[in-house]
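Have a look at the structure below, then the notes.
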Amino acid sequence: MQDDVRPKLIGSRVQRLEDPRLLTGSGGFVDDIQLAHTLHIALVRSDHAHARILNVDVDAAGTLPGVVGIYTADDFSAKPLHATSRMKGYQSTAITALADGKVRFVGEGIAAVVAESRYVAEDAASLITIDYEPLPDLVDPRIAAASDVLLHESHDSNILVSRKFARGDVTEAFANASVRVKDSFRFHRKTPLAIENRSYLADFNKGKQALTLYSSTQVPGVIRDALAKVLAMPGHSVRVVAPDVGGGFGGKASLYPEEILVALLSRTLGHPVKWTSDRLEDLLTTSQAFDETIDAELAVDKDGRLLGLKAEILGDVGAYSIYPWTAALEPMQVAGFLPGPYQLANYQAEVVAVATNKTPAGPYRGVGRPAAAFVLERLIDMAALLLGLDPVEMRRRNLVQPDQFPYRTGSGIVWDQSGFTECLELACKGVNYPALQAERSAARRAGRWFGVGVASYAELTGIGSRMSAAPGMPINTGTETATVEIDASGAVRAAFGVASHGQGLETTLAQIVADELGVPLDSVQVIHGDSAAVTHSTGTYASRSAVLAGGAAHLSGQAVRAKVLEAAAFMLNTDTDALDIEDSIISERGTNKTLSLMEVGRAVYSEMGRFPLEMRAELDLRATKFYDPEFGTTTSATHIAAVEIDPETFIVTVKRFLVAEDCGRLINPMIVDGQVHGGIVQGIGAALYEEVVHDQNGQALSASLVDYLTPSAAETPKLEVLHLDTAALGTLGGYRGMGEGGTIGAPAAIANAITDALSHLNINISELPATPERIYRLVTQAIKGDT
Amino acid sequence: MPMLNFRLLDSTLLIDITRLPGFDHITTSERGITVGAGVQHHALKRSPDVAERLPIISHTMQYVAHMAIRNRGTIGGSLAHGDPAAELPLLAILLDAYLHISGPTGERSARAEGFFLAPLTTNLNEDEILTSITFPNLPQHSSWGFEEIARRSGDFALAGAGAVLSIQHGVIADARLAMMGVDETPRRLPAIEAMLLGRAWDVGLRRLAVREVREQVNPMSDLQASADYRRHLAGIVAARALNSAWAMGQAR
Amino acid sequence: MIRKRAITVSVNGSAYARDVEPRRLLTDFLREDLGLTGTHIGCEHGVCGACSILLDGVSARACLCLAVQADGREITTVEGMGEIGRLSLLQEKFRKHHALQCGFCTPGMLATAHEILTDAAPLTDNEIREALSGNLCRCTGYEHIVRAVSEALNESLGGAAAGNSSDAG
């Protein structure tokens, strides 16, 4: 930031600019948009997990009044899309608007009924009959990995990608170990469950041969580029707009078949075409995540220092490799982040991502880091127990120390710098760890099953062009654009390639631009969620927006400020460094000469004759800048949870939850807190309640919100969050990315707390969610084992 | 309504009976309380007459779903739906209620016990509607308890129990125990009721009750809980309901 | 051919006369027939609470109500609770405490919060959580929502009651 610009808005709890419309019901979510002559789609979806489609009988359905047409894959000539990867041995899968000859998961779309209303479309859909030739259902990833039955016939196996990581000498490390702990960990499938179901409205303008797609997406830029390819249209004729979006969490960060479908149909029919998912469709087809089995072993010396870690990671990635992230996304991140924020030189991991007849896997908050943290934090606690070490002390001894940064982990990831140890100490202080331990002792003396769990983790955020979630995937996420411009009225417009869907970017990015320019917050309008807003964009995912868009906002804001000062200096006949801008007023220090931004704007755009000719070629108040942090930065936290388990019913109550985190400089502390809170509750959900269940035939049993349970306010404790709030060194602005931490740390902390509460029975929690049913079985088994 | 929205129910004619007159009264008599089938859950929950005469109902109603559901869901609706894990059917059989039914062939009254035949299946014929339910007064000096276990607040119970005791001379003189979520219908457990008579509630009786209740129930397995776990819970909720009823009786 | 029924519904103080199919849901009626898109659809089976509105003054799931059942009734949707520049007490508190992120569950949350305030009983934080347990939110983790509702409730009760403030929870 400029030396003479003192941040006023950055760092303050500014109320959000988004709120007035959202609070009064005047937001614009995709399904709210009503265009004349819109046609509606109901999809007929597969009820087989794996089958060939022999026949689709649409005769009865086609005669219903109000039905405009019924479509299957044969009706479209668009080429399938593949998510590419440079990873060795990776096998991509063809993504089409509707199932082409074969279905590979329950819920896959087979036929689309287009009608005047959704009601009529569903009436017709219920009259369509499909003949299937069932194929063997490959539901268990281990069986699928070894099977000759292929989901995708062009593949040589159902293993979509595999990789080995190795660093140091794991064999020697294990040979020298005083203590070795291991377990087979199972993290069950989740679905992001945004409250707004996916919704797409395609509007093809026949006259201009141009498409606008309103999409409930996190990645309008990605969708635009992909659709331009699939539709064989130039980019300037395809626009994707993500208006208000009701949550995403990664589930709206990929290209969906339905997006292709509505686009194709609108072009074919010349009318706007809308599809809004219902909740059942969401539970069946929105990408799912966290479905990992991890066999891991940790070697530790007699002083509790980590010597070596080895793991076999099996990722169940469902039926397709999603676009653009590829099926490698989550399993690779499990392996990449498994060594955690610790000093650990010797590491070995084998990762396999296997296709199964289930919903395709995709990004969900935390991606592979929640599973990685769960595994390592459990292993550390298991080792601590054997050594008689307090779990906090064990972490204290092993976390990367401040003087060890930058630190290269066993997987090759580099932690540039972050407050690992500071977060641990702050969390302990915040929760009053000795008092919590005393509370636990007293509870145990009274026969209560009370446990405390700690989890520390680190992640990479704000990643730049040199990092990739999956090498060779179709997009590079490493740069962000900001175009800041001031118009003739003195109003500021700042356009970005990000797509806010709850994070408050309309406010936080405005805070940065306003501070850079010296204008009030509400004179800045942030444009986002629109592929036409900037030349190239991707969207909001992977905790990137604060770092990348924030950095670009600083650069662009500074550049426009310089232009303003140049014009104003000329107008005031002084030097630029004699000028300040505050509250949209430019003033010369030491005099009473002032200009308003509006006066400068008017002069530049309508009175350009005032300026010498040689100034005018560059005379505007606009700048576009890009920011690429190249690598990215490290974000970290320690989570501490206290739980109590009813010894008769095995219901787990989270009594206390505290997070101490380092997310660098905070732009808006209220918004940061909100992100942490939301992540924690999703983490509690992942630890205790949420599980997508498929039966042995691949039938999705989690078919409603009565089946797939997420925490309500009554299941959630008061959440406490502490921040280090020190600027990151490596990013422009000093921000770190954040938002995913809650799901990364919470399941691990809760798993440790439950294990602690059950320590008198020697039970290790190695499977999440730790439902009352599972705890009942573990306890019953443990008690039987004793007698 | 959810079933209609899922298109699991297909009807050509849907009859809205919520506006039929006279369905939404709660009346008292020396016999007990009669609740119209159209009375909404929240009205039952807040009725001062119910709170005075049958406080077990007022207390239990807080477990029924959530506020918005209680505002529109009705007593008659819940009873006619007959979910084996719902509170109203349990209360009906616990309190020996009478269901008043009306149809083209006339009116009849059915005892609650015997009305619930199978999950979501009751004794109501297709052309009949429930018009009201009478909850007889409880004997004087009755004490009660209710306990349910659910995954989350407002969810259907994994297991639940309601108990009514009459304690005289330090022992149980009369006992009622009804359970929900642990069989195909809500159930009274007469064998347990008989076992409790003449005894004081203590650690030994609790242990016995827990064991015996588990023998009596036939829970089902589903996504949320196995039959084994439900059976385990059945013992616990019964014991806790009885414990509350005993403690209440002692406090009087 | 499904025969339509004529209904008259009062929404946010205005009467609307329309012809609807009996099977038309109140959510679709409000959103499409009346253009009041503030009421959102999250599940259509009464669990998530996003569609909650006030029906004759008490909260109700619009997705579990047929439009014909609203004939002759009074409905308040989020659009009737306040407007930009003149937010209601609850809306002000939600904004102050950052009790919304994506905003999709918010109208339903406000309807339930409205009923909490109408009931005018002092509540602890845990009781507020219980009362809100029928409204799912995936963004906020509920913490700020509870603070907003608690402060609104205290203020609307005259600051007197609810001796247990957010510290007790």
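The values are calculated or read from the model by the stated rules, or taken from the named source; none is laboratory data. What you are looking at is a predicted structure, and each value in this text was computed from that prediction instead of being measured. Don't worry about glycine lacking a Cβ; one is built from the backbone with ideal geometry, like all the others, and counts go over all protein chains shown.
Quick check on A:Thr653: is it surrounded by fewer than 24 Cβ atoms within 10 Å (Cβ to Cβ) and within 14 Å of chain C (Cβ to nearest Cβ)?
yes
Which number in (1) surrounded by fewer than 22 Cβ atoms within 10 Å (Cβ to Cβ); (2) away from chain C (no Cβ under 14 Å); (3) modelled with pLDDT under 95 marks the one condition that A:Ser543 misses?
Exception for A:Ser543: condition (1).
One line per residue, one yes/no per condition, for (1) within 28 Å of B:Asp127 (Cα to Cα); (2) assigned to a loop (DSSP other than H, G, I, E, B):
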| site | (1), (2) |
| --- | --- |
| B:Ile15 | yes, yes |
| B:Asp24 | yes, yes |
| B:Ile33 | yes, no |
| B:Lys45 | no, no |
| B:Val50 | no, no |
| B:Ile56 | no, no |
| B:Met61 | no, no |
| B:Ser78 | yes, no |
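Based on this model, can you work out whether C:Arg18 counts as more than 11 Å from chain A (Cβ to nearest Cβ), at pLDDT 95 or above and farther than 18 Å from A:Gly27 by Cβ?
Here the answer is yes, as C:Arg18 does meet what is asked.
Among the candidates B:Ala51, B:Ala97, single out the residue that is farther than 28 Å from C:Val47 by Cα and crowded, with 23+ Cβ neighbours inside 10 Å.
B:Ala97
Quick one: which strands (runs of 3 or more DSSP E) sit completely within region A:263-340 and have at least 1 residues that are of a type in the set (Lys, Arg), more than 30 Å from A:Arg396 (Cβ to Cβ) and not assigned by TED's automatic domain parsing to the domain that holds A:Ile765?
Answer list for region A:263-340: A:273-276.
Can you tell me which condition A:Gln503 does not meet? The list is (1) in contact with a helix residue (DSSP H, G or I) (Cβ under 6 Å, 6 or more places away or on another chain); (2) more than 19 Å from A:Pro629 (Cα to Cα), and all the others hold.
For A:Gln503, the failing item is (1).
Of all residues in region A:15-31, count the ones that are part of a loop (DSSP other than H, G, I, E, B) and within 10 Å of chain C (Cβ to nearest Cβ).
8
Quick one: which of A:Gly410, A:Gly451, A:Gly430 is crowded, with 19+ Cβ neighbours inside 10 Å, farther than 30 Å from A:Val779 by Cβ and either touching a residue at least 24 places away in the same chain (Cβ under 8 Å) or among the charged types (D, E, K, R) (or both)?
Of A:Gly410, A:Gly451, A:Gly430, the one residue that is crowded, with 19+ Cβ neighbours inside 10 Å, farther than 30 Å from A:Val779 by Cβ and either touching a residue at least 24 places away in the same chain (Cβ under 8 Å) or among the charged types (D, E, K, R) (or both) is A:Gly410.
Taking the condition of being in contact with a helix residue (DSSP H, G or I) (Cβ under 9 Å, 6 or more places away or on another chain) and more than 10 Å from chain C (Cβ to nearest Cβ), how many residues in region B:8-19 meet it?
Summing the residues that are in contact with a helix residue (DSSP H, G or I) (Cβ under 9 Å, 6 or more places away or on another chain) and more than 10 Å from chain C (Cβ to nearest Cβ) in region B:8-19 gives 4.
I need the full set of residues from region A:185-207 which are farther than 19 Å from A:Pro747 by Cα, in contact with a strand residue (DSSP E or B) (Cβ under 7 Å, 6 or more places away or on another chain) and outside any loop (DSSP other than H, G, I, E, B), in order please.
Correct list: A:Ser199, A:Tyr200, A:Leu201, A:Ala202, A:Asp203, A:Phe204.
All but one of (1) under 22 Å from A:Val103 (Cα atoms); (2) surrounded by 24 or more Cβ atoms within 10 Å (Cβ to Cβ) hold for A:Ser277, so report the exception by its number.
(2)
Looking at B:Ser47, B:Ser153, B:Ser132 in this structure, which one is of a type in the set (Gly, Ala, Ser), in the same structural domain as B:Ala239 (by TED's automatic domain parsing) and more than 14 Å from the chain's Cα centre (by Cα)?
Among B:Ser47, B:Ser153, B:Ser132, only B:Ser153 is of a type in the set (Gly, Ala, Ser), in the same structural domain as B:Ala239 (by TED's automatic domain parsing) and more than 14 Å from the chain's Cα centre (by Cα).
List the pairs whose first member sits in region A:59-72 and is within 14 Å of chain C (Cβ to nearest Cβ) and within 24 Å of A:Pro257 (Cα to Cα), whose second member is loosely packed, with under 15 Cβ neighbours inside 10 Å and among the aromatic types (Phe, Trp, Tyr), and whose Cβ atoms are under 9 Å apart, counting only residues at least 6 apart or on separate chains?
Note: no pairs meet the criteria.
Take the residues in region A:208-225 that are buried (at least 23 other Cβ atoms within 10 Å of the Cβ) and out of contact with any strand residue (DSSP E or B) (no Cβ under 6 Å at 6 or more places or on another chain), then tell me which one is nearest to A:Trp275 (Cα to Cα).
A:Thr217
Among the residues of region A:201-218, is there at least one that is farther than 11 Å from A:Ser531 by Cβ, acidic (Asp, Glu) and outside the structural domain of A:Ser702 (by TED's automatic domain parsing)?
yes
Pick from A:Leu35, A:Leu150, A:Leu39: which is touching a residue at least 60 places away in the same chain (Cβ under 8 Å), of a type in the set (A, V, I, L, M) and under 24 Å from A:Thr286 (Cα atoms)?
Within the list A:Leu35, A:Leu150, A:Leu39, the selection yields A:Leu39.
What residue, among those in region A:673-732 that are away from chain C (no Cβ under 14 Å), among the charged types (D, E, K, R) and closer than 30 Å to C:Arg147 by Cα, is surrounded by the fewest Cβ atoms within 10 Å (Cβ to Cβ)?
A:Asp725
Is there any pair linking a residue in region B:232-252 that is within 14 Å of chain A (Cβ to nearest Cβ) to one that is among the aromatic types (Phe, Trp, Tyr) and crowded, with 21+ Cβ neighbours inside 10 Å, with Cβ under 6 Å and at least six apart or on different chains, and which?
Hits for this filter: B:Ala241/B:Phe146.
Do the conditions hold for B:Gly22, that is, is it buried (at least 20 other Cβ atoms within 10 Å of the Cβ) and either closer than 28 Å to C:Ser133 by Cβ or more than 13 Å from chain C (Cβ to nearest Cβ) (or both)?
The answer is no for B:Gly22.
Anything in region A:228-248 that is out of contact with any Phe, Trp or Tyr (no Cβ under 6 Å at 6 or more places or on another chain) and within 20 Å of A:Glu281 (Cα to Cα)? List them, or say none.
Correct list: A:Val245, A:Gly247, A:Gly248.
Can you spot a residue in region A:630-646 that is away from every other protein chain (no Cβ under 14 Å), out of contact with any strand residue (DSSP E or B) (no Cβ under 8 Å at 6 or more places or on another chain) and polar (S, T, N, Q)?
Checked against the condition, which is being away from every other protein chain (no Cβ under 14 Å), out of contact with any strand residue (DSSP E or B) (no Cβ under 8 Å at 6 or more places or on another chain) and polar (S, T, N, Q), region A:630-646 yields no hits at all.
On the basis of being modelled with pLDDT under 95, small (Gly, Ala, Ser) and on the phi < 0 side of the Ramachandran plot, does C:Ala160 make the cut?
Criteria met by C:Ala160.
Mind checking which residues of region C:39-86 are facing chain A (nearest Cβ under 7 Å) and surrounded by fewer than 24 Cβ atoms within 10 Å (Cβ to Cβ)?
Of everything in region C:39-86, those that are facing chain A (nearest Cβ under 7 Å) and surrounded by fewer than 24 Cβ atoms within 10 Å (Cβ to Cβ) turn out to be C:His45, C:Glu79, C:Gly82, C:Glu83, C:Ile84.
Going by what's in this entry, would A:Asp57 be described as exposed (fewer than 15 other Cβ atoms within 10 Å of the Cβ), under 30 Å from A:Pro474 (Cβ atoms), among the acidic types (Asp, Glu) and not assigned by TED's automatic domain parsing to the domain that holds A:Gln675?
It is false that A:Asp57 is exposed (fewer than 15 other Cβ atoms within 10 Å of the Cβ), under 30 Å from A:Pro474 (Cβ atoms), among the acidic types (Asp, Glu) and not assigned by TED's automatic domain parsing to the domain that holds A:Gln675.
Which one of these is surrounded by 20 or more Cβ atoms within 10 Å (Cβ to Cβ), in contact with a strand residue (DSSP E or B) (Cβ under 6 Å, 6 or more places away or on another chain), small (Gly, Ala, Ser) and in a helix (DSSP H, G or I): A:Ala559, A:Ala494, A:Ala568?
The match here is A:Ala568.
Just name the residue that is nearest to B:Ser166 (Cα to Cα) out of those in region B:204-222 that are within 13 Å of another protein chain (Cβ to nearest Cβ) and loosely packed, with under 15 Cβ neighbours inside 10 Å.
Per the criteria, the residue is B:Arg207.
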